[in-house]
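Following: one structure in structure tokens, then a few remarks.
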Amino acid sequence: MGFNGIDGDVNVPGMIPWEVIVAYFVVAIAVAVVIGKKTGGLKAFTTLDLVYIGIGAAFSVVWEFYIGGFLNKFVPSGLTLFINFGFLGRLLIVFIVAALVRKFGTGMITLAAFDILGDLFHYGFGGEPIFLIYEALTYGLFIDIAIALLGGKFLGVGSKTQTVALVLGIVEGAIIGLLWAIPDPIFYDAFFRPFLYGAVVSWAKVIFTIEAFIPGDVIMGAIAGIIANRIQRAVAV
């Protein structure tokens, strides 16, 4: 018996055990909160912060499902795993929002808002709240863990020189880009997809997808780190 299009299957062959997924989310959130309290990443959101988050989430939906979707039509079918304008554009937008706000929770709230708006204008609400949990506690949480670890000094923001800011933006952006290559094949294909629909898990496909995602996500992460840093500096002037 399912709920809102969710089969709730936890016995699909090859599927990651649900205990592992739950343990990951609990530990990751706990670690991020503890680090955020110690380093100053946890701060109250201002009205301006929420405006940045709202605009970023809305523009992410427009980009991923409409502009990026249109641009993807020009990508040869064999390269769609390597080049996805919709996803890479969303990565850039979320990086910019996170660089402007730089408070723990920014990533999760932005991705949660993106998911809700995506449901309203594109997907529909079937499968919720699983997709909201997935978006917020993977992509969003990776951003927030970085903000927490850096005490709010995200993507080189606050560095004394532009050279240091540039290097940090590239390095931090590339690392987060690498992390963003993980959720879709690991969390979605190997757990949430079978949990939702009883889909068969192919670990050969999972591994291939990770390998296909990494180059583009790392490169775009590095570029997005530079762009987000520059935009934050321009806005702060």
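The values are calculated or read from the model by the stated rules, or taken from the named source; none is laboratory data. Note that the coordinates shown come from a computational prediction; the quantities given were computed from them, not determined experimentally. With ideal geometry, Cβ positions are generated from the backbone for all residues, glycine too; neighbour counts draw on all protein chains shown. The protein model used for the area step is the full one, side chains on, heavy atoms only, and it has no ligands, DNA or RNA in it. Shrake-Rupley method; radii C 1.70, N 1.55, O 1.52, S 1.80 Å.
Comparing Glu135, Glu19, Glu64 in a Gaussian network model of the chain where C-alpha atoms under 10 Å apart are linked, the largest mean-square fluctuation is found at Glu19. Loop-located trypsin sites (Lys or Arg not before Pro) in the stretch 112-212 (DSSP state other than H, G, I, E, B) with a sparse environment of at most 16 neighbouring Cβ atoms within 10 Å: Lys160. Its alpha carbons considered, the stretch 31-100 gives a radius of gyration followed by a Dmax of 16.1, 48 Å. Leaving out ligands and nucleic acids, note down the accessible area per residue over the stretch 82-216 with a 1.4 angstrom probe, in whole Å². With all protein chains present, the stretch 82-216 gives 39 Å² per residue.
Give the distance, in whole Å, between the Cα centre of the stretch 34-85 and the Cα centre of the stretch 183-237. Using only Cα atoms, the two centres lie 11 Å from each other. Across Gly151, Gly177, Gly140, mean-square fluctuation computed from a Gaussian network of the chain (C-alpha pairs under 10 Å connected) peaks at Gly151. Using Cβ point charges alone (K and R +1, D and E -1), the dipole size of the chain about the Cα centre works out to roughly 1020 debye.
My understanding is that a pair violates if its Cα-Cα distance is over 26 Å; which of Lys103/Lys160; Lys73/Lys153; Lys37/Lys160 do that in this structure? Over 26 Å Cα-Cα: Lys73/Lys153.
Which of rounded, prolate, oblate describes the stretch 145-189, given a ≥ b ≥ c as roots of the alpha-carbon gyration tensor eigenvalues and a/c under 1.5 marking rounded, otherwise prolate only if a/b is larger than b/c? In terms of gyration-tensor shape, oblate. Classify the stretch 44-141: rounded, prolate or oblate, from the alpha-carbon gyration tensor (a ≥ b ≥ c, eigenvalue square roots; a/c under 1.5 rounded; otherwise prolate if a/b is larger than b/c)? Since a/c reaches 1.5 and a/b is larger than b/c, the shape of the stretch 44-141 is classed as prolate. The shape of the stretch 8-67 comes out oblate: with a ≥ b ≥ c from the C-alpha gyration tensor, a/c is at least 1.5 while a/b does not beat b/c.
A convex hull fitted to the Cα coordinates of the chain yields 126 cubic angstrom per residue.
Loop-resident trypsin sites (Lys or Arg not before Pro) (DSSP state other than H, G, I, E or B) in the stretch 64-102 with no more than 13 further Cβ atoms inside 10 Å of their Cβ: Lys73. Note that the stretch 112-235, at 4 °C in a medium of 1.567 mPa s, gets a Stokes-Einstein diffusion coefficient of 81 µm²/s from its Kirkwood radius over C-alpha pairs.
Membrane-span-like helices of the chain, defined as complete DSSP H segments with a Cα extent of 30 Å or more along the helix axis and a mean Kyte hydropathy of at least -0.5, are identified as 18-39, 203-236.
In what order, largest first, do Tyr52, Tyr139 sit by accessible area if the probe radius is 1.4 Å?
So, going from the largest accessible area down, we get Tyr52, Tyr139.
For the stretch 167-237, chymotrypsin sites (Phe, Trp or Tyr not before Pro) meeting the loop criterion (DSSP other than H, G, I, E, B) and having at most 10 other Cβ atoms within 10 Å: none.
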